[in-house]
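Each remark here refers to the structure printed beneath this line.
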Amino acid sequence: QSRKDFISKMSISSKEARETNYWLRLLRDTNLLKNIDLTYLINVSEEIIKIITSIVKTSQTNNNS
């Protein structure tokens, strides 16, 4: 796969990770899952977002050079 394809796929992954984080926070804030603490999963999803964002930025920078 080309670098452009890789960046595109990682950008999609970033969008999906952000959406997952949104739904986890919504579940937590609405207390739909009363006996489940979603804090850990929310924190992990935020770390995944940071990692993927870093990968995309680095790949874009390397692609332009």
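No value in this document is a laboratory result; all are computed from the given coordinates. Remember, predicted model here, so these are calculated numbers, not experimental data. So basically every Cβ, Gly included, is an ideal-geometry build from the backbone, and we count neighbours across all protein chains shown.
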Pairing the Cα long axis of helix 39-64 with the longest principal axis of the chain, what angle in degrees results, from 0 to 90 and rounded to the nearest 10?
10
Reach of K57 by Cα under 19 Å, taken over aspartates and glutamates that are not fewer than 8 positions away in the same chain
D5, E16, E46, E47
As I understand it, the dipole of region 3-57 uses +1 on the Cβ of Lys and Arg and -1 on the Cβ of Asp and Glu, about the Cα centre. Which of T20, V56, L33 lies farthest toward its positive end?
V56
Most mobile listed residue (S13, S45, S54) in the chain, GNM with C-alpha springs under 10 Å
S54
Can you compute the label reach from R3? Point 7 Å from Cα along the Cβ direction, backbone N cut-off under 13 Å, restricted to region 21-65.
56-65
Given a 10 angstrom Cα cut-off, can you work out which residue in T39, T30, T20 is the most mobile in a GNM of the chain?
T30
About the Cα centre of the chain, what is the dipole size in debye to 20, counting +1 per Lys and Arg Cβ and -1 per Asp and Glu Cβ, all else neutral?
200
Please give the helix 3-30 orientation as an angle from the longest Cα principal axis of the chain, in degrees from 0 to 90, rounded to the nearest 10.
10
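Please give the direction-averaged projected area of the C-alpha convex hull for the chain, in square nanometres with one decimal. If you can, show how the numbers build up before the last one.
Details: hull surface 18.4 nm².
Taking a quarter of the hull surface, the average projection is 4.6 nm².
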Chymotrypsin sites (Phe, Trp or Tyr not before Pro) lying in DSSP loop within the chain, provided at most 13 other Cβ fall within 10 Å
none
